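For reference, the structure discussed in these notes is given below.
The values are calculated or read from the model by the stated rules, or taken from the named source; none is laboratory data. What you see is a predicted model, and the numbers here were worked out from it, not measured in a lab. Positions of Cβ are backbone-derived with ideal geometry, glycine not excepted, and every protein chain shown enters the neighbour counts. These accessible areas exclude ligands, DNA and RNA; they are computed on the full protein's heavy atoms, side chains included. Shrake-Rupley method; radii C 1.70, N 1.55, O 1.52, S 1.80 Å.
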Amino acid sequence: MRVLILGGSGFVGSAVAKLLSDRCNSVTALARDVSQPKRRMPQIDWISTDIAKLLTPEAWLPLLKDIDAVVNCAGALQDSARDNVAAVQYDAMRALYEAAARLNIKLIVQISARAYGNAADLPFLSTKQAADKALKACGAPFVVLKPAVIIGRTAYGGSALLRALAAFPLVTPLVHADAQMQFAALDDVTAAVADAVEGRIEPGSDLDLAAPETLSLSEVVAIHRRWLGLPPAPFIAVPAFAARAVAAVADLLGRLGWRSPLRSTALDVAAAGVSGHPALPDRQLKSLSETLADMPAGVQELWFARLYLLKPVIFGTLSLFWIVSGAIALLRFGASTQHLVDAGASLIFASALTLITSVADIALGLGVIVRRYSGTALKGMIALSLAYLTAATFLTPGLWVDPLGPLVKVLPSIALALVALAILDER
(Lines give C-alpha, C1' and ligand atoms only; values in the text may rest on other atoms or scores of the structure.)
Protein backbone atom coordinates (compact mmCIF):
# COMPACT_ATOMS: atom_id res chain seq x y z
CA MET A 1 0.00 0.00 0.00
CA ARG A 2 1.09 3.57 -0.70
CA VAL A 3 0.19 5.40 2.49
CA LEU A 4 0.14 9.13 3.31
CA ILE A 5 0.43 9.90 7.03
CA LEU A 6 -0.73 13.29 8.30
CA GLY A 7 1.16 14.51 11.35
CA GLY A 8 3.96 12.08 10.57
CA SER A 9 6.48 13.66 12.94
CA GLY A 10 4.18 13.51 15.97
CA PHE A 11 4.00 11.14 18.92
CA VAL A 12 1.55 8.77 17.22
CA GLY A 13 2.34 9.62 13.60
CA SER A 14 6.04 8.75 13.79
CA ALA A 15 5.28 5.37 15.37
CA VAL A 16 2.63 4.63 12.73
CA ALA A 17 5.03 5.64 9.95
CA LYS A 18 7.75 3.32 11.25
CA LEU A 19 5.44 0.32 11.65
CA LEU A 20 3.83 0.68 8.22
CA SER A 21 7.26 1.12 6.63
CA ASP A 22 8.58 -1.95 8.48
CA ARG A 23 5.64 -3.90 7.03
CA CYS A 24 6.80 -3.08 3.51
CA ASN A 25 4.28 -0.34 2.76
CA SER A 26 5.43 2.71 0.80
CA VAL A 27 5.08 5.53 3.32
CA THR A 28 4.92 9.27 2.73
CA ALA A 29 4.65 11.44 5.84
CA LEU A 30 3.49 15.02 6.05
CA ALA A 31 4.64 17.47 8.74
CA ARG A 32 5.40 21.15 9.14
CA ASP A 33 9.07 20.68 9.99
CA VAL A 34 10.67 17.61 8.46
CA SER A 35 14.36 18.36 9.03
CA GLN A 36 14.76 16.09 12.08
CA PRO A 37 12.28 13.37 10.98
CA LYS A 38 14.16 13.03 7.68
CA ARG A 39 17.35 12.23 9.57
CA ARG A 40 15.62 9.89 12.02
CA MET A 41 13.64 7.92 9.44
CA PRO A 42 15.29 8.32 6.03
CA GLN A 43 13.38 5.32 4.66
CA ILE A 44 10.21 7.46 4.59
CA ASP A 45 9.37 10.15 2.05
CA TRP A 46 8.74 13.43 3.87
CA ILE A 47 6.66 16.40 2.74
CA SER A 48 6.91 19.72 4.55
CA THR A 49 3.61 21.60 4.64
CA ASP A 50 1.10 23.09 7.07
CA ILE A 51 -2.18 21.16 7.16
CA ALA A 52 -4.00 24.25 8.43
CA LYS A 53 -3.38 25.87 5.02
CA LEU A 54 -4.77 22.96 2.96
CA LEU A 55 -8.36 24.16 3.06
CA THR A 56 -9.55 23.23 -0.45
CA PRO A 57 -9.76 19.88 -2.26
CA GLU A 58 -7.48 21.31 -4.95
CA ALA A 59 -4.75 21.85 -2.36
CA TRP A 60 -4.89 18.15 -1.44
CA LEU A 61 -5.05 16.63 -4.92
CA PRO A 62 -1.27 16.80 -5.64
CA LEU A 63 -0.50 15.26 -2.25
CA LEU A 64 -2.93 12.39 -2.84
CA LYS A 65 -1.62 11.48 -6.27
CA ASP A 66 -0.62 7.78 -6.37
CA ILE A 67 -1.75 7.32 -2.74
CA ASP A 68 -3.85 4.28 -1.73
CA ALA A 69 -4.59 5.11 1.91
CA VAL A 70 -4.43 8.11 4.23
CA VAL A 71 -3.81 7.90 7.99
CA ASN A 72 -4.72 11.07 9.87
CA CYS A 73 -2.60 11.38 13.02
CA ALA A 74 -2.66 15.20 13.01
CA GLY A 75 -4.30 17.22 15.74
CA ALA A 76 -4.06 20.25 18.01
CA LEU A 77 -5.05 20.56 21.65
CA GLN A 78 -5.85 24.26 21.68
CA ASP A 79 -5.54 27.39 19.55
CA SER A 80 -2.12 28.98 19.91
CA ALA A 81 0.49 30.91 17.98
CA ARG A 82 1.34 27.65 16.19
CA ASP A 83 -2.02 25.88 15.99
CA ASN A 84 -5.52 26.51 14.68
CA VAL A 85 -7.69 23.70 16.04
CA ALA A 86 -10.66 24.14 13.70
CA ALA A 87 -8.45 24.46 10.62
CA VAL A 88 -6.34 21.38 11.40
CA GLN A 89 -9.02 19.07 12.75
CA TYR A 90 -12.06 19.99 10.67
CA ASP A 91 -11.69 22.50 7.82
CA ALA A 92 -8.62 20.86 6.26
CA MET A 93 -10.04 17.38 6.87
CA ARG A 94 -13.31 18.18 5.10
CA ALA A 95 -11.31 19.33 2.07
CA LEU A 96 -9.19 16.17 2.28
CA TYR A 97 -12.24 13.91 2.32
CA GLU A 98 -13.69 15.57 -0.77
CA ALA A 99 -10.38 15.22 -2.62
CA ALA A 100 -10.05 11.59 -1.50
CA ALA A 101 -13.55 10.78 -2.75
CA ARG A 102 -12.71 12.30 -6.14
CA LEU A 103 -9.60 10.15 -6.47
CA ASN A 104 -11.22 6.97 -5.14
CA ILE A 105 -8.74 6.62 -2.28
CA LYS A 106 -9.03 3.07 -0.94
CA LEU A 107 -9.11 3.96 2.76
CA ILE A 108 -8.89 6.83 5.25
CA VAL A 109 -7.91 5.92 8.81
CA GLN A 110 -8.81 8.63 11.30
CA ILE A 111 -7.21 8.83 14.75
CA SER A 112 -10.02 10.53 16.66
CA ALA A 113 -11.19 10.79 20.27
CA ARG A 114 -14.27 10.12 22.33
CA ALA A 115 -16.30 13.06 23.62
CA TYR A 116 -15.88 13.13 27.40
CA GLY A 117 -18.83 14.49 29.40
CA ASN A 118 -18.75 18.23 29.90
CA ALA A 119 -15.57 18.46 27.83
CA ALA A 120 -17.40 17.39 24.67
CA ASP A 121 -18.04 21.00 23.65
CA LEU A 122 -14.36 21.94 23.73
CA PRO A 123 -13.01 22.77 20.25
CA PHE A 124 -10.44 20.00 20.62
CA LEU A 125 -13.14 17.32 20.90
CA SER A 126 -16.04 18.93 19.04
CA THR A 127 -13.98 19.44 15.86
CA LYS A 128 -12.89 15.80 15.98
CA GLN A 129 -16.51 14.69 16.25
CA ALA A 130 -17.50 16.98 13.37
CA ALA A 131 -14.63 15.63 11.25
CA ASP A 132 -15.72 12.05 11.98
CA LYS A 133 -19.25 12.83 10.77
CA ALA A 134 -17.89 14.49 7.63
CA LEU A 135 -15.67 11.47 6.95
CA LYS A 136 -18.57 9.06 7.28
CA ALA A 137 -20.66 11.16 4.89
CA CYS A 138 -18.02 11.75 2.19
CA GLY A 139 -18.34 8.37 0.50
CA ALA A 140 -14.70 7.29 0.90
CA PRO A 141 -13.97 4.01 2.76
CA PHE A 142 -12.91 4.77 6.33
CA VAL A 143 -11.92 3.41 9.73
CA VAL A 144 -12.22 5.63 12.79
CA LEU A 145 -10.06 4.76 15.82
CA LYS A 146 -10.69 6.46 19.16
CA PRO A 147 -7.87 5.72 21.61
CA ALA A 148 -7.88 6.68 25.26
CA VAL A 149 -4.74 8.25 26.78
CA ILE A 150 -1.85 6.83 24.75
CA ILE A 151 1.29 5.62 26.52
CA GLY A 152 4.50 4.81 24.67
CA ARG A 153 8.26 4.73 25.02
CA THR A 154 8.44 8.38 24.05
CA ALA A 155 6.17 10.90 25.75
CA TYR A 156 4.37 14.03 24.65
CA GLY A 157 1.59 16.18 26.05
CA GLY A 158 -0.49 14.35 28.63
CA SER A 159 1.78 11.32 28.87
CA ALA A 160 4.77 13.60 29.47
CA LEU A 161 2.85 15.47 32.18
CA LEU A 162 2.06 12.18 33.95
CA ARG A 163 5.77 11.37 34.09
CA ALA A 164 6.58 14.86 35.34
CA LEU A 165 3.95 14.68 38.10
CA ALA A 166 5.29 11.29 39.12
CA ALA A 167 8.81 12.74 39.43
CA PHE A 168 7.75 15.71 41.58
CA PRO A 169 10.03 15.79 44.66
CA LEU A 170 8.75 14.72 48.09
CA VAL A 171 5.02 15.16 47.33
CA THR A 172 2.67 14.76 44.37
CA PRO A 173 0.46 17.80 43.71
CA LEU A 174 -2.75 16.85 41.88
CA VAL A 175 -5.95 18.53 40.80
CA HIS A 176 -8.91 16.26 40.03
CA ALA A 177 -7.06 13.35 41.65
CA ASP A 178 -10.20 11.19 41.47
CA ALA A 179 -10.75 11.72 37.73
CA GLN A 180 -11.19 8.40 35.95
CA MET A 181 -8.85 7.45 33.12
CA GLN A 182 -8.34 4.67 30.61
CA PHE A 183 -5.23 3.99 28.57
CA ALA A 184 -4.05 2.50 25.30
CA ALA A 185 -0.51 1.35 24.56
CA LEU A 186 1.05 3.11 21.59
CA ASP A 187 1.95 -0.32 20.19
CA ASP A 188 -1.73 -1.33 20.29
CA VAL A 189 -2.77 1.88 18.52
CA THR A 190 -0.21 1.50 15.76
CA ALA A 191 -1.10 -2.18 15.36
CA ALA A 192 -4.76 -1.21 14.91
CA VAL A 193 -3.79 1.33 12.24
CA ALA A 194 -1.73 -1.29 10.42
CA ASP A 195 -4.59 -3.78 10.64
CA ALA A 196 -6.94 -1.19 9.13
CA VAL A 197 -4.56 -0.33 6.29
CA GLU A 198 -3.92 -4.00 5.54
CA GLY A 199 -7.61 -4.96 5.52
CA ARG A 200 -7.95 -6.78 8.85
CA ILE A 201 -10.41 -4.17 10.15
CA GLU A 202 -13.56 -3.81 8.10
CA PRO A 203 -14.04 -0.40 6.39
CA GLY A 204 -16.81 1.56 8.02
CA SER A 205 -15.65 0.58 11.53
CA ASP A 206 -15.69 3.09 14.39
CA LEU A 207 -13.64 1.55 17.21
CA ASP A 208 -12.63 2.57 20.70
CA LEU A 209 -9.10 1.59 21.73
CA ALA A 210 -8.57 1.29 25.46
CA ALA A 211 -7.59 -1.31 28.01
CA PRO A 212 -10.64 -2.33 30.07
CA GLU A 213 -9.26 -1.12 33.41
CA THR A 214 -10.26 2.32 34.71
CA LEU A 215 -7.91 4.10 37.12
CA SER A 216 -8.04 7.34 39.07
CA LEU A 217 -5.48 10.00 38.25
CA SER A 218 -3.82 9.46 41.64
CA GLU A 219 -3.46 5.73 40.92
CA VAL A 220 -2.01 6.49 37.48
CA VAL A 221 0.64 8.83 38.88
CA ALA A 222 1.54 6.31 41.60
CA ILE A 223 2.05 3.61 38.95
CA HIS A 224 4.29 5.94 36.95
CA ARG A 225 6.25 6.84 40.09
CA ARG A 226 6.97 3.15 40.76
CA TRP A 227 7.94 2.75 37.11
CA LEU A 228 10.50 5.55 37.48
CA GLY A 229 11.95 3.76 40.51
CA LEU A 230 10.94 6.47 42.98
CA PRO A 231 9.58 5.84 46.49
CA PRO A 232 5.91 6.58 47.22
CA ALA A 233 5.02 10.21 47.91
CA PRO A 234 1.94 11.68 49.60
CA PHE A 235 -0.64 13.37 47.41
CA ILE A 236 -1.52 17.01 47.94
CA ALA A 237 -4.81 18.27 46.55
CA VAL A 238 -4.31 21.40 44.43
CA PRO A 239 -7.30 23.78 44.73
CA ALA A 240 -9.24 24.34 41.50
CA PHE A 241 -8.54 28.08 41.56
CA ALA A 242 -4.78 27.44 41.72
CA ALA A 243 -5.01 25.02 38.81
CA ARG A 244 -6.99 27.60 36.84
CA ALA A 245 -4.30 30.20 37.51
CA VAL A 246 -1.63 27.81 36.20
CA ALA A 247 -3.79 27.05 33.16
CA ALA A 248 -4.21 30.77 32.46
CA VAL A 249 -0.44 31.20 32.43
CA ALA A 250 -0.09 28.14 30.20
CA ASP A 251 -2.72 29.58 27.82
CA LEU A 252 -0.74 32.82 27.66
CA LEU A 253 2.41 30.87 26.88
CA GLY A 254 0.44 29.10 24.16
CA ARG A 255 -0.02 32.46 22.47
CA LEU A 256 3.78 32.68 22.49
CA GLY A 257 4.03 29.28 20.80
CA TRP A 258 4.55 26.93 23.76
CA ARG A 259 2.34 23.80 23.75
CA SER A 260 2.00 23.18 27.45
CA PRO A 261 -0.11 20.19 28.60
CA LEU A 262 -1.32 22.39 31.47
CA ARG A 263 -3.50 24.59 29.24
CA SER A 264 -7.17 25.05 30.07
CA THR A 265 -8.34 22.48 27.51
CA ALA A 266 -6.24 19.76 29.14
CA LEU A 267 -7.53 20.77 32.56
CA ASP A 268 -11.15 20.56 31.38
CA VAL A 269 -10.58 17.16 29.76
CA ALA A 270 -8.91 15.89 32.95
CA ALA A 271 -11.82 17.14 35.04
CA ALA A 272 -14.28 15.25 32.82
CA GLY A 273 -12.13 12.13 32.89
CA VAL A 274 -10.92 10.01 29.98
CA SER A 275 -13.01 6.90 30.41
CA GLY A 276 -16.12 5.16 29.09
CA HIS A 277 -14.33 3.18 26.37
CA PRO A 278 -15.97 -0.23 25.97
CA ALA A 279 -13.74 -3.29 25.72
CA LEU A 280 -13.27 -4.81 22.28
CA PRO A 281 -14.03 -8.56 22.44
CA ASP A 282 -11.74 -9.39 19.52
CA ARG A 283 -8.79 -7.24 20.55
CA GLN A 284 -6.81 -7.67 23.77
CA LEU A 285 -5.20 -4.36 24.72
CA LYS A 286 -2.43 -4.01 27.28
CA SER A 287 -3.15 -2.41 30.63
CA LEU A 288 -1.15 0.59 31.84
CA SER A 289 0.99 -1.59 34.12
CA GLU A 290 1.64 -4.07 31.30
CA THR A 291 2.53 -1.24 28.91
CA LEU A 292 5.05 0.24 31.33
CA ALA A 293 6.44 -3.20 32.21
CA ASP A 294 7.21 -3.79 28.53
CA MET A 295 9.45 -0.70 28.48
CA PRO A 296 11.38 -0.55 31.79
CA ALA A 297 12.40 2.97 32.73
CA GLY A 298 16.04 3.96 32.77
CA VAL A 299 17.82 7.05 33.95
CA GLN A 300 16.91 8.85 30.71
CA GLU A 301 13.19 8.62 31.56
CA LEU A 302 13.87 9.96 35.06
CA TRP A 303 15.95 12.83 33.66
CA PHE A 304 13.20 13.68 31.18
CA ALA A 305 10.51 13.71 33.88
CA ARG A 306 12.53 15.98 36.18
CA LEU A 307 13.66 18.32 33.42
CA TYR A 308 10.09 18.56 32.12
CA LEU A 309 9.13 20.17 35.43
CA LEU A 310 12.18 22.43 35.39
CA LYS A 311 11.85 23.57 31.77
CA PRO A 312 9.54 26.55 32.43
CA VAL A 313 11.67 27.49 35.45
CA ILE A 314 14.84 27.45 33.34
CA PHE A 315 13.38 29.56 30.53
CA GLY A 316 11.64 31.91 32.93
CA THR A 317 14.83 32.44 34.94
CA LEU A 318 16.86 33.23 31.83
CA SER A 319 14.23 35.62 30.53
CA LEU A 320 13.95 37.48 33.85
CA PHE A 321 17.73 37.63 34.31
CA TRP A 322 18.38 39.19 30.92
CA ILE A 323 15.44 41.61 31.01
CA VAL A 324 16.31 42.83 34.50
CA SER A 325 20.01 43.08 33.60
CA GLY A 326 19.24 45.31 30.62
CA ALA A 327 16.68 47.37 32.53
CA ILE A 328 19.08 48.06 35.41
CA ALA A 329 21.77 49.22 33.00
CA LEU A 330 19.30 51.66 31.42
CA LEU A 331 17.95 52.89 34.74
CA ARG A 332 21.48 53.49 35.99
CA PHE A 333 22.73 54.66 32.64
CA GLY A 334 25.28 57.11 34.03
CA ALA A 335 26.90 54.58 36.33
CA SER A 336 26.92 51.93 33.61
CA THR A 337 28.56 54.33 31.17
CA GLN A 338 31.13 55.47 33.74
CA HIS A 339 32.54 51.94 34.04
CA LEU A 340 33.53 52.06 30.37
CA VAL A 341 34.83 55.61 30.63
CA ASP A 342 37.02 54.58 33.58
CA ALA A 343 38.35 51.76 31.40
CA GLY A 344 39.50 54.32 28.82
CA ALA A 345 36.53 54.60 26.44
CA SER A 346 35.25 57.96 25.25
CA LEU A 347 31.96 59.19 26.71
CA ILE A 348 30.19 58.98 23.33
CA PHE A 349 31.40 55.44 22.67
CA ALA A 350 30.60 54.34 26.23
CA SER A 351 27.08 55.77 26.02
CA ALA A 352 26.38 54.16 22.66
CA LEU A 353 27.74 50.78 23.76
CA THR A 354 25.75 50.85 27.00
CA LEU A 355 22.55 51.64 25.13
CA ILE A 356 23.11 48.92 22.51
CA THR A 357 24.00 46.19 24.98
CA SER A 358 21.16 47.09 27.34
CA VAL A 359 18.58 46.92 24.56
CA ALA A 360 20.16 43.66 23.34
CA ASP A 361 19.86 42.16 26.83
CA ILE A 362 16.16 43.04 27.01
CA ALA A 363 15.51 41.81 23.46
CA LEU A 364 17.15 38.45 24.21
CA GLY A 365 15.19 38.13 27.45
CA LEU A 366 11.95 38.71 25.60
CA GLY A 367 12.96 36.55 22.64
CA VAL A 368 13.66 33.45 24.72
CA ILE A 369 10.02 33.23 25.87
CA VAL A 370 8.67 33.35 22.30
CA ARG A 371 8.91 29.76 21.06
CA ARG A 372 9.66 30.75 17.47
CA TYR A 373 12.69 32.80 18.47
CA SER A 374 13.81 30.98 21.62
CA GLY A 375 16.60 28.96 19.96
CA THR A 376 18.08 32.04 18.32
CA ALA A 377 17.76 34.01 21.57
CA LEU A 378 19.54 31.31 23.57
CA LYS A 379 22.42 31.25 21.10
CA GLY A 380 22.50 35.04 21.25
CA MET A 381 22.71 34.93 25.06
CA ILE A 382 25.69 32.60 24.91
CA ALA A 383 27.45 34.65 22.23
CA LEU A 384 26.83 37.98 23.98
CA SER A 385 27.93 36.58 27.35
CA LEU A 386 31.20 35.39 25.82
CA ALA A 387 31.64 38.80 24.20
CA TYR A 388 31.07 40.50 27.57
CA LEU A 389 33.62 38.25 29.24
CA THR A 390 36.19 38.79 26.50
CA ALA A 391 35.77 42.58 26.50
CA ALA A 392 35.84 42.80 30.29
CA THR A 393 38.97 40.65 30.46
CA PHE A 394 40.83 43.15 28.27
CA LEU A 395 39.30 46.35 29.62
CA THR A 396 38.84 45.59 33.34
CA PRO A 397 40.60 42.31 34.20
CA GLY A 398 40.39 43.16 37.88
CA LEU A 399 36.68 42.30 37.83
CA TRP A 400 37.64 38.60 37.77
CA VAL A 401 38.86 38.92 41.36
CA ASP A 402 36.18 41.36 42.49
CA PRO A 403 34.65 40.08 45.79
CA LEU A 404 31.14 40.16 44.24
CA GLY A 405 32.30 38.14 41.23
CA PRO A 406 30.49 40.04 38.45
CA LEU A 407 32.33 38.14 35.71
CA VAL A 408 32.39 34.75 37.43
CA LYS A 409 28.59 34.89 37.75
CA VAL A 410 28.23 35.09 33.97
CA LEU A 411 29.49 31.51 33.63
CA PRO A 412 26.43 29.87 35.30
CA SER A 413 24.22 31.96 33.00
CA ILE A 414 26.00 30.50 29.98
CA ALA A 415 25.62 26.99 31.41
CA LEU A 416 21.89 27.54 32.00
CA ALA A 417 21.43 28.75 28.42
CA LEU A 418 23.19 25.59 27.18
CA VAL A 419 20.81 23.47 29.27
CA ALA A 420 17.85 25.35 27.80
CA LEU A 421 19.13 24.69 24.28
CA ALA A 422 19.53 21.00 25.10
CA ILE A 423 15.89 20.63 26.22
CA LEU A 424 14.30 23.05 23.72
CA ASP A 425 12.92 20.42 21.33
CA GLU A 426 9.43 19.15 22.14
CA ARG A 427 9.63 15.86 20.21
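Summary table
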quantity: Taking the stretch 337-427 and dividing mean pair separation by its residue count, relative contact order in percent (alpha carbons under 8 Å, at least six apart); calculated: 22 percent
quantity: Environment charge at SER385 (Cβ cut-off 14 Å; Lys +1, Arg +1, Asp -1, Glu -1); calculated: +1
quantity: Accessible-area composition of the stretch 301-427, carbon plus sulfur, in percent [1.4 Å probe]; calculated: 76 percent
quantity: Assigned charges on the beta-carbon of Lys, Arg, Asp, Glu; the stretch 167-214 dipole about Cα centre (debye); calculated: 220 debye
quantity: Under-5 Å amide H pairs with ASP208, H placed in peptide plane, nonlocal only; calculated: LYS146
quantity: Principal semi-axes in Å for the stretch 4-65 [√(5λ), Cα gyration tensor, largest first]; calculated: 20, 13, 9
quantity: Cα gyration tensor shape of the stretch 107-193, rounded if a/c is under 1.5, else prolate or oblate by comparing a/b with b/c; calculated: oblate
quantity: Hull volume in cubic angstrom per residue (convex hull over the Cα atoms of the stretch 224-347); calculated: 229 Å³
quantity: 1.4 Å probe accessible area per residue over the chain, in Å²; calculated: 47 Å²
quantity: Value of Rg/Rh across the stretch 51-195 [Cα atoms, Kirkwood radius]; calculated: 1.02
quantity: Prolate/oblate/rounded call for the stretch 1-110, Cα gyration tensor, a/c under 1.5 rounded; calculated: oblate
quantity: Selection from LEU230, GLY254, LEU215, by position along the positive dipole direction of the stretch 136-284 (Cβ); calculated: GLY254
quantity: Charged-residue dipole, Cβ positions (Lys, Arg, Asp, Glu), the stretch 190-281 about Cα centre, Debye nearest 20; calculated: 620 debye
quantity: Computed magnitude of the charge dipole of the chain (debye, nearest 20; Cβ of K, R +1, Cβ of D, E -1); calculated: 540 debye
quantity: Euclidean distance of C-alpha centroids, the stretch 241-318 and the stretch 382-396, integer Å; calculated: 41 Å
quantity: Tilt relative to the chain, helix 347-367 - C-alpha long axis, 0 to 90 degrees, to 10; calculated: 20 degrees
quantity: Normalised contact order of the chain, rounded percent, pairs of Cα under 8 Å and 6 or more residues apart; calculated: 13 percent
quantity: Centre separation in Å (Cα based) which lies between the stretch 116-148 and the stretch 26-97; calculated: 17 Å
quantity: Positive dipole terminus of the chain, leading residue within LEU162, LEU416, VAL27 (C-beta point charges); calculated: LEU416
quantity: Under the Debye formula (equal points on every Cα, no solvent term), log10 I(q)/I(0) of the chain at q = 0.07, 0.08, 0.13 Å⁻¹; calculated: -0.42, -0.54, -1.14
quantity: Trypsin sites (Lys or Arg not before Pro) within the stretch 234-337, DSSP loop, no more than 16 other Cβ atoms inside 10 Å; calculated: ARG283, ARG332
quantity: Accessible area of ARG94 in the full protein assembly, 1.4 Å probe (Å², nearest 10); calculated: 130 Å²
quantity: Relative contact order, percent, the stretch 38-103 [alpha-carbon distance under 8 Å, six or more residues apart]; calculated: 42 percent
